[in-house]
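Here the structure is laid out as structure tokens; the discussion comes afterwards.
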Amino acid sequence: MLSIDTRLIRYEPPQFRNFRSALPEGGDVVEFLVETNAPIPARALGPALQVGTTLVVEVAEVDSTHYRFLAFNPERLEPGAPIDLCWSGRPETARSTRFRFERLS
């Protein structure tokens, strides 16, 4: 990872006509905008961030080297916790980075 920008944002889930979203109702979430030096390879498991002991799995590709991760439970994020990149459901695949989570106001 080349960089991570974090900010607190107001999340509103998409509205669907024929079914209900499994995503939580709207509220404050932490957005992690991650820049990588190459595309994250496509595979059966999606990329995830491990922030201390919290796994952040909701992710959308912005472009080939930028990814937006959303943490729906900001209260679980520990200030100073390391931010590692891993595969969803496989925290043992985490790759350490130099980044740490800082409290947002």
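FYI, it's all coordinate maths here, none of it is from the lab. Predicted model, so just to flag it, every value in this text is computed and none were measured. Reconstructed Cβ throughout: ideal geometry from the backbone, glycine too, with neighbour counts over all protein chains shown.
Values as computed for the structure displayed
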{"quantity": "Selection of GluC sites (Glu not before Pro), the chain, meeting DSSP coil and at most 15 other Cβ within 10 Å", "calculated": "E25, E102"}
{"quantity": "Extension reserve of the E35-R68 stretch, reckoned as 0.36 nm per residue once the Cα distance is removed", "calculated": "11.0 nm"}
{"quantity": "Difference of contour (0.36 nm per residue) and Cα-Cα distance, R98 to R17", "calculated": "24.9 nm"}
{"quantity": "Translational diffusion coefficient (Stokes-Einstein; Kirkwood radius from C-alpha pairs) of the chain at 10 °C, 1.306 mPa s, in µm²/s", "calculated": "111 µm²/s"}
{"quantity": "J(HN,Hα) series, the stretch 77-90, from Karplus relation 6.51 cos²θ - 1.76 cosθ + 1.60, nearest Hz, glycine and proline x", "calculated": "7, 8, x, x, 5, x, 10, 10, 9, 8, 9, 3, x, 9"}
{"quantity": "Among F72, V51, L8 - extreme Cα towards positive end, dipole of the stretch 1-88, charges at beta-carbon", "calculated": "F72"}
{"quantity": "Local net charge near A94, Cβ-Cβ under 15 Å (Lys/Arg +1, Asp/Glu -1)", "calculated": "+2"}
{"quantity": "Distance between modelled label sites at R90 and R43, nm, 7 Å Cα→Cβ extension", "calculated": "0.4 nm"}
{"quantity": "Relative exposure of I4, I9, judged by other C-beta atoms within 10 Å (fewest first)", "calculated": "I9, I4"}
